[in-house]
1. Looking at (1) buried (at least 20 other Cβ atoms within 10 Å of the Cβ); (2) under 14 Å from the mean Cα position of the chain (by Cα), find the lone condition where Val167 falls short.
2. State whether one or more residues within region 136-146 are within 20 Å of His201 (Cβ to Cβ) and within 17 Å of the chain's Cα centre (by Cα).
3. Among the listed residues Arg197, Arg214, identify the single one that is surrounded by 16 or more Cβ atoms within 10 Å (Cβ to Cβ), within 22 Å of Asp105 (Cα to Cα) and either basic (Lys, Arg) or not assigned by TED's automatic domain parsing to the domain that holds His99 (or both).
4. One residue is enough: does region 178-189 have a residue meeting the conditions crowded, with 17+ Cβ neighbours inside 10 Å and assigned to a strand (DSSP E or B)?
5. Within region 108-120, restricting attention to residues that are among the aliphatic types (A, V, I, L, M) and without any contact (Cβ under 8 Å) to a residue 40 or more places away in the chain, which residue is nearest to Phe178 (Cα to Cα)?
6. Tally time: how many residues in region 161-177 are touching a helix residue (DSSP H, G or I) at 6+ places or on another chain (Cβ under 9 Å) and assigned to a strand (DSSP E or B)?
7. Could you list, in sequence order, all residues of region 95-116 that are within 16 Å of Glu191 (Cα to Cα) and out of contact with any strand residue (DSSP E or B) (no Cβ under 9 Å at 6 or more places or on another chain)?
Amino acid sequence: MIRNAILLVVLFCFTAFVSECFGQKQVADEGFVKLFNGENLDGWIGNKKSYRAINGNIVVDPNGGGSGGNLFTEKEYSDFVFKFEFQLTPGANNGLGIHAPLEGDVAYVGKELQILDNTAEKYSKLKPYQYHGSVYGVIPAKRGFLKPVGQWNAQVVTVKGSKIKIVLNGNTIVDGDFQEASKNGAMDKNEHPGLQRTKGHIGFLGHGDVVRFRNIQIKDLSSKE
């Protein structure tokens, strides 16, 4: 009995070791860098009262002050592949800011990609460019690919020059061009000077709703070219 128990422990440790090594090899091969260490918000700037590292996730705490506010990467990025997982709560609203400055409304002075519970009744009459994954005010995303609220979703955002591709749970929901989409004016009829920006911070743009994020990684394409 003791011998069997020892064998089981050895097997478990070996399996864990192999899994860890494989995972590290995968990240290294793909060239991705982890932006969140799972323990604290080192490498991030902004509202660290509303955004907290809890149980391996970045969690928006609605009681943290600032109605959610923004949390940005310390570094700025131009062309990149950004992947992350997120978990919505009922009626949740957040956003992913890209090419963002640290001041101003990112939806206009940068670019905001919606993070939203599309199924909430209060959002039933939004404009097409306001639903999840859309480049706010500019490029509408395809709907129907979010998992039920409470489940984890995986999203990959690829930006190269003025082109953007967003894949949600394995499905392409945006494949467009910022400049082409706005050449006759943005869909929301507002000015979007941020569409001309080619570099900036990446960040989560909260509205006071509980949303969880994990497995946040980036591949910097600009440094490869």
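1. (1)
2. At the first step, the residues of region 136-146 found to be within 20 Å of His201 (Cβ to Cβ) are 136-138.
Filter again for within 17 Å of the chain's Cα centre (by Cα), leaving 136.
The answer is yes, given that some residue of region 136-146 is within 20 Å of His201 (Cβ to Cβ) and within 17 Å of the chain's Cα centre (by Cα).
3. Details: Arg214 fails: within 22 Å of Asp105 (Cα to Cα).
Criteria check complete, one pass: Arg197.
4. Just the residues of region 178-189 that are crowded, with 17+ Cβ neighbours inside 10 Å, to begin with: 178, 181-182, 186-187.
Narrowing the set further to residues that are assigned to a strand (DSSP E or B) leaves none.
There is no residue in region 178-189 that is crowded, with 17+ Cβ neighbours inside 10 Å and assigned to a strand (DSSP E or B).
5. If we filter region 108-120 for residues that are among the aliphatic types (A, V, I, L, M), which is where we start, we get 109, 113, 115-116, 120.
The next check asks that each one be without any contact (Cβ under 8 Å) to a residue 40 or more places away in the chain; those that pass are 116, 120.
Details: Leu116: 21, Ala120: 28 Å.
The residue in question is Leu116.
6. 2
7. Correct list: Gly104, Tyr108.
The values are calculated or read from the model by the stated rules, or taken from the named source; none is laboratory data. Keep in mind the model is a prediction, meaning the values are calculated, not measured. Cβ sites come from the backbone with ideal geometry, for glycine too, and all protein chains shown count toward neighbours.
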